[in-house]
Every structure is written in structure tokens, then in C-alpha cells.
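Here the structure comes first, spelled out in C-alpha cells, and everything after it is commentary.
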Amino acid sequence: MLYVSILVELLRSRPALAVWLAAIVQALLWLLVPTLFYASPPGDVPLVLAIGHEFQLGSFLGPPLAFWMGELAFDLAGHHLIGVYALSQACVVTTYWTVFLLGRAIVGAQHAALAVLLMVGIAAFTVPTPDFGPAILAMPLWAMILLHYWRAVAEQQRAYWLPLVIETGLLLLTTYLGLLLIAILVGFTLANERARTSLKSYDPLLALAIVTILIGPFIAWLIHSGIAPLRFPVRAITALGGNVFAWLQRLGLLLAAHAGLVVLAGLVAGWPWPRHEPSPIIVRRSIDPFARQFVYFFALLPALVGSFVAVMLGWAGPMGGIAPLVILSGLAVIVAAGDAITLTRQHIVIAAWFGLLIIPPVMAACSVFVLPWLSSDLRIAQPFEAMGQFFSENFERRTGAPLKIVGGDLRTAALVALGAPSRPSVFIDAAPQRSPWVSVDAVRTKGAVLVWPTSDRAGTPPPGMAERFPQLVPEVPRIFARRVQGTLPLVLIGWAVIRPKTDEPIVLPRPEDR
């Protein structure tokens with residue numbers, strides 16, 4: 001007797017609803033967990049907000065759009081991090097829905113929904129936290145570019161060339177990965193016979209001209225800004241063995257990100273306990289060769305090329321981060337699975353899927369309470385609000401002016417700047433990471449607080465800081481308690497105050513006024 005789970009029936013009858021439910025549940029989980037349990041923002045969020053607060057045209061971390069949007073979300077939420085967390089999850093939900101629309105045009109609604117549900121297995125290992133930044137913002141833009149390219153080229157809907165150009169420009173403002181995607185899109189269009197037919201109209205030529213106009217100033221700014229990846233040390237091409245090994249390491253990192261997807265796909269196929277029993281089958285229409293070429297090309301080549309470019313530039317991870325490079329992996333698996341997918345052992349598959357959806361955020365919440373008792377320090381446990389309040393108030397009491405600049409250790413300074421009521425600027429002075437919005441002269445003129453993590457009760461500053469500011473007088477380190485202290489030592493922050501210069505002359509009282 002064939003038994004069909006209600007969730008499988010929902011997938012078959014209302015695939016769009018299944019996608020929305022999965023995306024919203026995941027977004028709510030990753031919105032609530034950091035909001036309720038994290039004492040400090042995860043990952044590079046403090047630095048993203050510190051750079052976004054300056055509204056620069058770019059920084060050593062790349063183009064500015066993600067930093068601007070992070071700062072705007074933070075401001076609109078009343079200087080609460082829930083705005084940034086919500087923005088991050090909005091990007092993930094938009095990516096899911098866009099991939100569903102693309103998949104629905106290629107493999108049908110039911111198989112497209114399966115592709116999106118498989119993405120939960122990737123998200124568990126690549127975007128498990130609301131660590132908003134360029135990689136997260138690039139995900140929906142990347143997905144929308146591929147969707148509108150499909151509409152314009154495969155379906156010959158000329159109206160989609162304009163949004164395609166706009167989204168490409170936004171991607172260029174988000175990450176260097178935009179240059180890679182443009183090159184891959186042009187290469188696919190020229191190499192594929194069916195895609196070349198779209199060049200017979202003037203729309204793609206006009207779109208290419210507009211993109212070229214956008215790229216020209218962008219590359220010129222990269223070259224002259226002093227922060228371009230072109231100025232990073234490039235690995236010698238002659239070091240073939242080392243380059244290949246480093247490339248394989250990056251590819252291994254990308255494969256590890258697909259662990260959850262592999263588990264789900266294997267369970268659907270009946271591995272490791274194949275059993276012949278009546279199972280629900282989800283059938284799609286046959287897809288043409290061009291659709292297969294499109295999906296496989298944009299699922300595989302960006303990851304291969306992005307990881308290779310990262311090797312040549314000496315970056316630790318793939319170019320632009322893992323998240324944008326894996327958004328078509330689930331769809332590629334569904335395309336390769338064939339026109340009929342049998343959901344063998346549907347109960348185990350459903351349980352595994354819910355596990356990948358729920359267990360990571362639950363573990364993240366539990367780690368806040370458990371790991372401190374195992375002497376494991378968490379970056380999300382630092383009390384940034386108390387830190388910002390203390391250093392801001394101390395500077396204002398001593399100088400009579402609000403705190404405008406914080407420097408020292410990069411993450412510690414970014415946390416203090418985020419928690420201070422006056423939202424001071426972060427002074428970054430470590431090549432090639434520089435802060436064009438704050439110079440050394442500005443620090444000496446306006447004054448600043450320099451902070452650094454320490455275990456030295458004397459609060460000795462780091463050597464580089466002492467050389468840069470020889471008159472620096474360190475204060476007694478400040479102790480901060482974590483929300484869950486466990487067996488960890490208290491947070492000890494070394495600090496020093498640089499008083500602002502005053503150019504007003506000293507006026508002595510006249511004898512008759514004494």
C-alpha cells in the first residue's frame with residue numbers, strides 16, 4: 001500500500017507554498033537565535049557596520065553596497081542588530097524564491113521546490129548565521145541575474161535585458177565577484193549556439209555597452225584606490241605544484257559545504273539501505289539540452305574559476321565567498337536526477353531535512369550556554385554594549401567631548417564603536433587595511449580611545465601601537481563579564497586615551513582682574 005506523507009503531498013500540490021514555508025521557518029530561526037542569545041554580532045558584522053557608517057565608495061573589503069545596506073538596516077532598526085539580522089535573512093529568502101522561479105521555468109514547479117529544499121542542506125554549512133556582508137548580499141543578486149538571463153536568452157523575453165543590466169551593476173557595487181560573473185555570462189553566450197541567437201537583436205548589445213560603461217570607471221577606481229585585489233600579492237604561476245594543491249584545498253572547502261545536500265540526495269535515492277517498496281514519485285516534463293547546459297555550466301564553472309582566482313590572489317576562501325557560488329547546486333542535482341524522482345524512505349528524508357533545518361540554530365543557541373563551561377571562548381559572547389558604554393563615557397568625562405574615534409585591535413575597536421552611543425569612527429592602520437576616513441593626524445587632533453585584548457594586568461600596548469603613538473600611556477585594563485561566564489576568565493581589555501589637541505592660546509588673567 002502506498003502511503004504519502006502530508007508534507008510530500010504539500011510538495012506535490014502546492015510547491016510554491018512549500019518553498020515559502022521552508023524559507024520563512026529558516027529565516028525566523030536564524031533571526032530569533034542571534035537576537036535572543038548572542039551578546040555580540042557574529043563574524044565580520046561589526047567591521048561591516050564600522051565601514052558602512054562612513055559611507056565610503058569602497059574599502060579594503062571591497063565595493064560599498066553591502067556596507068551601506070547594513071548601516072541603513074542598523075539605523076532603521078533604531079541601532080539594534082535585529083535590523084541587520086533581518087536583512088541577512090531577507091537575502092536568503094529572496095535567493096530561495098528566485099532559484100525556485102528559475103527552476104520552475106526549467107524543470108517544473110515540483111522539481112524546482114525539491115531543488116530549493118535541497119539548498120537547506122547547503123545553507124546549514126555555508127550561511128548558518130546572520131553574518132551579513134558582501135557574500136550574503138551577492139546571493140540574491142546572483143540568482144536574479146541568472147533568472148533574468150534565462151528569461152532574456154532562453155525564453156526570448158526582451159524586457160528582461162534592462163533588469164539584468166541593473167542587477168549586474170548592483171552586483172559590481174557589492175563584490176569583485178561581479179566581474180567574474182560578467183565574464184562567465186559573456187563566455188557562455190559566445191560559446192553556446194542557442195545563446196548566440198540572442199545576439200541578433202540590439203538588446204544584448206545595448207546591455208553589454210551599458211555594462212562596459214559601468215565596468216570602466218569601476219576598474220579605474222580599483223586601480224587607483226590602492227585597495228584593489230590587483231595590488232594584492234599574486235602567487236607565481238610557475239609554482240604549479242603549490243597552486244594546484246591550494247586550488248584543491250579550496251575545492252575541498254566547496255565540497256564540504258555540500259555535505260548536507262549529499263546526505264539528503266543519498267537518502268532520497270535510498271542509500272544506504274535500499275528497499276523496494278511503493279514510494280511517491282514526482283515526475284517532470286523532459287528538459288531540453290540547452291537547459292542542462294545552462295544549469296551545469298553556472299553550477300560548476302563559477303566555483304571552479306572563483307576558487308582558482310582566490311588561489312592566485314592568495315585569498316583564504318573562494319572569490320566572493322562560498323554562498324553565491326553554490327546557489328544552483330540543488331538545481332543541478334535535480335536536473336541530473338532524471339525526469340522521475342522516487343522519494344524512497346520519505347519519513348527518513350523528512351526527518352533528515354528537518355534536522356538540517358532546525359539543529360544548526362538550536363546548536364548555536366545551546367553553544368552560548370554550554371561552551372563557556374568547556375573553556376571555549378566565543379566571539380559572540382563579548383559584551384560589546386557594556387564595552388562601548390564604558391569607553392565612551394570615560395573619554396567624555398576626561399575630555400568634555402564625545403568619543404569620535406576608536407582604534408587598536410580591529411574587531412575590539414569595531415565592537416566598541418558599535419556599542420558606543422556616539423557611534424565613533426574606527427581607525428584602521430595595518431597595511432593593506434587602511435581607513436581613509438580617519439588618519440593618524442585626525443587621531444592626534446580629535447583624540448581617540450585605543451583598545452586591545454590582553455592578559456597582561458599592566459595593560460602593555462602592542463608593539464606596533466606603541467611605535468605609532470610613542471607618548472601613549474596605557475590605563476589599567478578594564479574587566480568585563482560575559483553573559484554566561486562559565487569557566488572562562490573575565491574579558492580583559494587594555495586601553496589608552498589620546499586626548500584631543502587644543503589650539504586655543506592660554507590667556508593669563510590681567511593684574512586688575514586678580
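The values are calculated or read from the model by the stated rules, or taken from the named source; none is laboratory data. Here the structure is a predicted model, which means the values were calculated and not measured. Here the Cβ is made from the backbone with ideal geometry for all residues, glycine too, and neighbour counts use every protein chain on show. When the accessible area is computed, the model is the full protein with side chains, heavy atoms only, and any ligands, DNA or RNA have been set aside. Shrake-Rupley method; radii C 1.70, N 1.55, O 1.52, S 1.80 Å.
Residues checked against (1) farther than 21 Å from Ile287 by Cβ; (2) surrounded by fewer than 19 Cβ atoms within 10 Å (Cβ to Cβ); (3) in contact with a strand residue (DSSP E or B) (Cβ under 7 Å, 6 or more places away or on another chain); (4) not small (Gly, Ala, Ser):
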{"residue": "Leu162", "(1), (2), (3), (4)": "yes, yes, no, yes"}
{"residue": "Leu171", "(1), (2), (3), (4)": "yes, no, no, yes"}
{"residue": "Leu181", "(1), (2), (3), (4)": "yes, no, no, yes"}
{"residue": "Asn192", "(1), (2), (3), (4)": "no, yes, no, yes"}
{"residue": "Ala195", "(1), (2), (3), (4)": "no, no, no, no"}
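Among the residues of the stretch 136-155, is there at least one that is in contact with a His (Cβ under 6 Å, 6 or more places away or on another chain) and within 29 Å of Gly52 (Cβ to Cβ)? Among the residues of the stretch 136-155, not one is in contact with a His (Cβ under 6 Å, 6 or more places away or on another chain) and within 29 Å of Gly52 (Cβ to Cβ), which makes the answer no. The residues on offer are Leu61, Leu81, and the sole one that is surrounded by fewer than 22 Cβ atoms within 10 Å (Cβ to Cβ) and more than 23 Å from Ile334 (Cβ to Cβ) is Leu61. Considering Gly306, Gly321, the condition of being open to solvent by less than 60 Å² (accessible area, probe 1.4 Å) and assigned to a loop (DSSP other than H, G, I, E, B) is satisfied by Gly321 alone.
This table checks each residue for (1) surrounded by 22 or more Cβ atoms within 10 Å (Cβ to Cβ); (2) among the β-branched types (Val, Ile, Thr); (3) at pLDDT 95 or above; (4) assigned to a helix (DSSP H, G or I).
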{"residue": "Gln26", "(1), (2), (3), (4)": "yes, no, no, yes"}
{"residue": "Leu29", "(1), (2), (3), (4)": "no, no, no, yes"}
{"residue": "Ser40", "(1), (2), (3), (4)": "yes, no, no, no"}
{"residue": "Gly43", "(1), (2), (3), (4)": "no, no, no, no"}
{"residue": "Glu54", "(1), (2), (3), (4)": "no, no, no, no"}
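Every test in (1) open to solvent by 40 Å² or more (accessible area, probe 1.4 Å); (2) modelled with pLDDT of 95 or more; (3) not charged (D, E, K, R) is passed by Ala73 save one, and that test is (1). Selection of first residues in the stretch 43-54 that are over 10 Å from Asp131 (Cα atoms) and of second residues that are open to solvent by 10 Å² or more (accessible area, probe 1.4 Å) and part of a loop (DSSP other than H, G, I, E, B), restricted to Cβ pairs under 7 Å at least 6 apart or on distinct chains, gives the following pairs, ordered by first then second residue: Ile51/Leu61; His53/Arg423; Glu54/Trp437. Of the helices (runs of 4 or more DSSP H) entirely within the stretch 352-467, those holding at least 2 residues that are open to solvent by 20 Å² or more (accessible area, probe 1.4 Å) and of a type in the set (Val, Ile, Thr) occupy 440-446. The condition of being modelled with pLDDT of 90 or more, over 22 Å from Trp30 (Cα atoms) and open to solvent by less than 20 Å² (accessible area, probe 1.4 Å) holds for only one of Ala143, Ala112, Ala138, that being Ala112.
Only one entry of Ala50, Ala66, Ala22 meets the criterion of being modelled with pLDDT under 95, hydrophobic (A, V, I, L, M, F, W, C) and either surrounded by fewer than 18 Cβ atoms within 10 Å (Cβ to Cβ) or within 15 Å of the chain's Cα centre (by Cα) (or both), and that entry is Ala66.
The residues on offer are Leu61, Leu87, and the sole one that is modelled with pLDDT under 90, under 13 Å from the mean Cα position of the chain (by Cα) and within 22 Å of Leu171 (Cβ to Cβ) is Leu61.
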